[in-house]
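Engineer: Below: one structure in structure tokens.
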Amino acid sequence: MTEQIMKILADIRPDVDFEHETALIDDAVLDSFDLITIIGEFNEAFGIEIDVEDIEPANFNSAAAMEELIRRLVNEDD
């Protein structure tokens, strides 16, 4: 899952160091268009639905936080 997440992120924003960045939203590294694109790609790739209440900085400030969100949503569907 980690590799797939990193590939999606790199395809969307190849200029960002997703392995080390921990304030993607707080530091405005990602804008709202990036976020919408990322959410759409995650929903499609992992068969999940990221709801409005899940769209908060804590869930998108780092690749690790995004992975945690995805794992939680995947497990909810089981």
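Engineer: Any idea which of (1) part of a helix (DSSP H, G or I); (2) surrounded by 12 or more Cβ atoms within 10 Å (Cβ to Cβ) is the one E3 doesn't satisfy?
Structural biologist: (2)
Engineer: Enumerate the pairs (first residue in the stretch 58-78 and closer than 23 Å to H20 by Cβ; second residue anywhere and among the aromatic types (F, W, Y) and part of a helix (DSSP H, G or I)) with beta-carbon separation below 9 Å, excluding pairs fewer than 6 apart on the same chain, so at least 6 apart or on different chains.
Structural biologist: M66/F42; M66/F60; L69/F42; L69/F60; I70/F42; I70/F46
Engineer: Among the residues of the stretch 16-56, which ones are charged (D, E, K, R) and part of a loop (DSSP other than H, G, I, E, B)? Steps first, answer last, please.
Structural biologist: Going residue by residue through the stretch 16-56, those that are charged (D, E, K, R) are 17, 19, 21, 26-27, 31, 34, 41, 44, 49, 51, 53-54, 56.
D17, E19, E21, D26, D27, D31, E49, D51, E56, listed by residue number.
Engineer: When only residues in the stretch 40-59 that are among the acidic types (D, E) and over 15 Å from I5 (Cα atoms) count, which is farthest from the chain's Cα centre (by Cα)? If you could, list the steps in order and put the result at the bottom.
Structural biologist: Pass one, the stretch 40-59, residues among the acidic types (D, E): 41, 44, 49, 51, 53-54, 56.
Applying the additional criterion that residues be over 15 Å from I5 (Cα atoms) yields 49, 51, 53-54, 56.
On the way: E49: 12, D51: 13, E53: 14, D54: 11, E56: 11 Å.
Selected residue: E53.
Read-outs throughout are calculated quantities, based only on the coordinates presented, and are distinct from any laboratory measurement. Since the model is a prediction, treat every value here as computed from it, not as a measurement. Positions of Cβ are backbone-derived with ideal geometry, glycine not excepted, and every protein chain shown enters the neighbour counts.
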